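This report refers to the structure that appears directly beneath it.
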Amino acid sequence: MKNQFKYILFFLLILSCHSYSQFYYFGRNKVQYDKFDWKIIRTEHFNIYYYGEMERVAEIGAVYAEEVFDELKVRMNNVVTRKVPLIFYNTSNHFQQTNTTPGFIPDGVGGFFEFLKGRVVIPSTGSLSDFKHVIRHELVHVFMMNKIFRVLRDHRQTTDRTPPLWFVEGLAEHYSTEPDAQAEMVMRDAVTNGYHFGLENIWKIYGSFLMYKEGQSFLEFVEEKYGSEKIELMLENFWMHSNFNETIEEILGISIEEIDNEWEYYLRKNIILYMLSERHKMLMQKN
């Protein structure tokens, strides 16, 4: 799975010590080599911070962020009323020096959403398509957390809990990318070699690249079999159960075990279709 860790994306939840400490390492002072002359672009929904020669990229990011905002407020039936800070870094090296979080950022992290102050921090890697992907991915986190907070508050529940990480990251990928060859390859390999974990055992791959892809794959399966509205209900009905799997069971109307079986059948069917397609291509080339 070459380059699978090139753009690891995650959201940083200060309220969850486990997810916070997974990516950051304390007890060491972060070295900051550079001083940045920050400038700001103010749009209707964002305050965008940039520096140096990044003005053109920041302007593109500002326009794109507003487009994504307009899309997500409809798709997720939710509006973020405060201005969202977007912090853009020119390089990954500068990004790793960020003081928006006290800990070290491992190589390969492509951006993060810092929950406590609602900031999105993203480096530019020279690829505009990757830059836009990260913006969209992290804004899904912003909208999702805002919606979860509203749903819990409206039902007079404490607002200090979130869906499991596989759903958080799976939703961000599902809403920010189309199914691609790499994601399909990862899931084919997992199913074929017996390390597709399903929802009952997905905790075993917590925080891994495979967890991201399993979460994305599951939501693609739900959308295709049950409809996209079922995914939205997972957010709307988050307040109903402390166990997220129970919420999913209620929405889909069957047990987690049955859901996992249906999902695996869906994946195996897709593998067979893929193999038949590849065989057809080979036969066409020979002819």
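Name the single residue, out of those in segment 197-212 being in contact (Cβ under 8 Å) with a residue 40 or more places away in the chain and aliphatic (A, V, I, L, M), that is nearest to I259 (Cα to Cα). Residue satisfying both the conditions and the ranking: L199. As a summary of the residue check, F238 satisfies the conditions (1) under 30 Å from Y49 (Cα atoms); (2) more than 17 Å from the chain's Cα centre (by Cα); (3) touching a residue at least 24 places away in the same chain (Cβ under 8 Å) except for the one numbered (1). Under the condition of being touching a residue at least 24 places away in the same chain (Cβ under 8 Å) and farther than 20 Å from L72 by Cβ, the residues counted in segment 167-189 number 8. Of the residues examined, E214 is one that is within 22 Å of E178 (Cβ to Cβ) and either surrounded by 14 or more Cβ atoms within 10 Å (Cβ to Cβ) or out of contact with any Leu (no Cβ under 6 Å at 6 or more places or on another chain) (or both).
Scanning segment 67-82 for residues that are touching a Leu at 6+ places or on another chain (Cβ under 8 Å) and without any contact (Cβ under 8 Å) to a residue 60 or more places away in the chain returns no hits. Restricted to segment 1-95, the set of strands (runs of 3 or more DSSP E) holding at least 2 residues that are closer than 26 Å to G126 by Cβ and modelled with pLDDT under 50 comprises 8-12.
Residues in segment 149-162 that are crowded, with 18+ Cβ neighbours inside 10 Å and at pLDDT below 95: T162 only.
Within segment 121-134, is even one residue modelled with pLDDT of 90 or more, assigned by TED's automatic domain parsing to the domain that holds M76 and out of contact with any helix residue (DSSP H, G or I) (no Cβ under 9 Å at 6 or more places or on another chain)? Within segment 121-134, not a single residue is modelled with pLDDT of 90 or more, assigned by TED's automatic domain parsing to the domain that holds M76 and out of contact with any helix residue (DSSP H, G or I) (no Cβ under 9 Å at 6 or more places or on another chain).
The values are calculated or read from the model by the stated rules, or taken from the named source; none is laboratory data. Bear in mind the structure is a predicted one, so any value in this text is a computation, not a measurement. We place every Cβ from the backbone using ideal geometry, glycine too, and count neighbours over all the protein chains shown.
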